[in-house]
Amino acid sequence: MSGFDLFQAEEAALARAVAMHARNGEDSAAYRAELGELIARYTRLMREMRRLIRHSDRQERELSELNASLRRLAEQLDHKARHDALTGELNRAAVIDLVSQHLQRGPLSLVVLDIDHFKRINDSYGHPAGDAVIVELVRRLRSALRAEVQLGRVGGEEFTVVLPSLDLDVAGMLAERMRAAIAAAPFAGAGAVTASFGVSWNSAGSDFDHAYARADAALYEAKRAGRNRVVLADVDA
Ligand SMILES: Nc1nc2c(ncn2[C@@H]2O[C@H](COP(=O)(O)OP(=O)(O)OP(=O)(O)O)[C@@H](O)[C@H]2O)c(=O)[nH]1
């Protein structure tokens, strides 16, 4: 390091005071002058030290505020990456993760549902009205489910409900309750809306694709049989 000494002036004042103190018989005016210089130097030193400490406190505060907002931003990004912007529910990638994790631990029922003739709704009332139907449909699904049940939008007008450890018949009853909640009353701005449901029960160790394909095949059956109904997939061997 180069030789700049932050306390050069104070060192000099201190050295003079020490020398003055060592000399006998010095007059009091000279003592006072050296003492005055020492007081001035140390006053300045303390002022500088306080300023530096305040500055570093402020920097520390700013740094921790910056850290907190970075953390918040990371959480928001993570939330965005895992949720559907229109409904606020899980998106497809998040559903796949969730189902895969649950299936490693135990059995799971999976409900897949799809709005019936949604293209007609869009064609008749317009895309924004179609979007409003999706939002209202999710509200009705939620009204039929306990708050902690996880639900995702896996396609434009296709949703899944993830029911870990639930038996097929109970999952089927829940699907029926959701179906009824949708069909119960017309949707504002779009009239009657129905949805078809497929439900699969999957043993621990199976994977998302398998669980989804079986529920989707049951959903296809529900569509073929006339829509607005729930079909259960055969229990996996
Ligand atoms: N408004 C809106 N429409 C969407 C969105 N995503 C997909 N769609 C529309 O959903 C419609 C799906 O149509 P289809 O796959 O033919 O199915 P469907 O008309 O619902 O008929 P079925 O499923 O056989 O009962 C298409 O018209 C898509 O444009 C969305 O986010 N908003």
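The values are calculated or read from the model by the stated rules, or taken from the named source; none is laboratory data. In this text, all values refer to a predicted model and were calculated from it rather than measured experimentally. All Cβ positions, glycine included, derive from the backbone under ideal geometry; neighbour counts span all protein chains shown. Areas reflect the complete protein model, heavy atoms only, side chains present, ligands, DNA and RNA absent. Shrake-Rupley method; radii C 1.70, N 1.55, O 1.52, S 1.80 Å.
Measuring from the lowest to the highest alpha carbon on each principal axis, how far does segment 92-232 reach, largest first, in angstroms?
44, 28, 24
Note the angle between two axes, namely the Cα long axis of helix 8-22 and the longest principal axis of the Cα atoms of the chain, as a number of degrees from 0 to 90, rounded to the nearest 10.
The angle comes out at about 40 degrees.
Compare the Cα positions of His55, Thr43, Leu98 along the charge dipole of the chain (+1 at Cβ of Lys, Arg; -1 at Cβ of Asp, Glu; about the Cα centre) and return the one farthest towards the positive end.
Sorting the options by dipole projection puts first Thr43.
If contacts are Cα pairs under 8 angstrom and at least 6 residues apart, what is the relative contact order of the chain in percent?
20
Counting only residues 5 or more places away or on other chains, whose amide H sits under 5 Å from the amide H of His83 once H atoms are built in the peptide plane?
Those qualifying (amide H under 5 Å, at least 5 residues apart or on another chain) are Asn91.
Under a point-charge model restricted to the Cβ atoms of Lys and Arg (+1) and Asp and Glu (-1), what is the dipole moment magnitude of segment 1-131 relative to its Cα centre, in debye to the nearest 20?
240
Run the dipole for the chain about the Cα centre, Lys and Arg Cβ at +1, Asp and Glu Cβ at -1, nothing else charged, and hand back the magnitude in debye, nearest 20.
600
For Leu137, Leu38, what's the largest-to-smallest order of accessible area, 1.4 Å probe?
Leu38, Leu137
Rolling a 1.4 angstrom probe over the protein chains, ignoring ligands and nucleic acids, what is the accessible area of Arg54 in square angstrom, nearest 10?
Looks like 150 Å² after rounding.
At 1.4 Å probe size, with no ligands or nucleic acids counted, give the accessible surface of Asp216 in Å², nearest ten.
My reading of the accessible area for Asp216 is about 60 Å².
Computing the accessible area with a 1.4 Å probe over protein heavy atoms, can you report the carbon and sulfur percentage for the chain?
55
I'd like the orientation of helix 208-224 relative to the chain: the angle between its Cα long axis and the longest Cα principal axis, in ° from 0 to 90, rounded to 10.
The two axes meet at around 40 degrees.
Calculate the spin-label point distance for Val170 paired with Phe7, positioning each point 7 Å from the Cα along the beta-carbon direction, and give it in nanometres.
The two pseudo-label positions are separated by 7.3 nm.
Rg and Dmax of segment 8-79, using alpha carbons, in Å: what are they?
Rg then Dmax for segment 8-79, in Å: 23.8, 80.
Pick from Gly191, Gly88, Gly25: which is most flexible by mean-square fluctuation in a GNM of the chain where alpha carbon atoms under 10 Å apart are linked?
For the chain, modelled as a Gaussian network with Cα springs under 10 Å, the answer is Gly25.
Could you pull out the longest piece of the chain with no exposed loop chymotrypsin sites (Phe, Trp or Tyr not before Pro) in it, calling a site exposed if DSSP puts it outside H, G, I, E, B and it has at most 15 other Cβ atoms within 10 Å?
Longest site-free region, per DSSP loop and neighbour criteria: 8-237.
Around Arg179, with a cut-off of 11 angstrom between Cβ atoms, what is the net charge of the other residues, counting Lys and Arg +1 and Asp and Glu -1?
Value of the local net charge: +2.
Percent of Cα-Cα pairs per 5 Å bin, from 0 to the last occupied bin, for the chain, please list those.
Final binned percentages: 1, 6, 10, 12, 11, 8, 6, 4, 3, 3, 3, 3, 3, 3, 4, 4, 4, 4, 3, 3, 2, 1, 0, 0.
Go through segment 184-199 residue by residue and turn each phi into a ³J(HN,Hα) via Karplus (6.51, -1.76, 1.60, θ = phi - 60°); whole Hz please, and just put x for glycine and proline.
Residue by residue, segment 184-199 yields 4, 8, x, 8, 4, x, 8, x, 6, 10, 10, 9, 10, 10, x, 10 Hz.
Taking a probe of 1.4 Å, how large is the accessible area per residue of segment 92-232, in Å²?
Roughly 46 Å² per residue, with all protein chains present.
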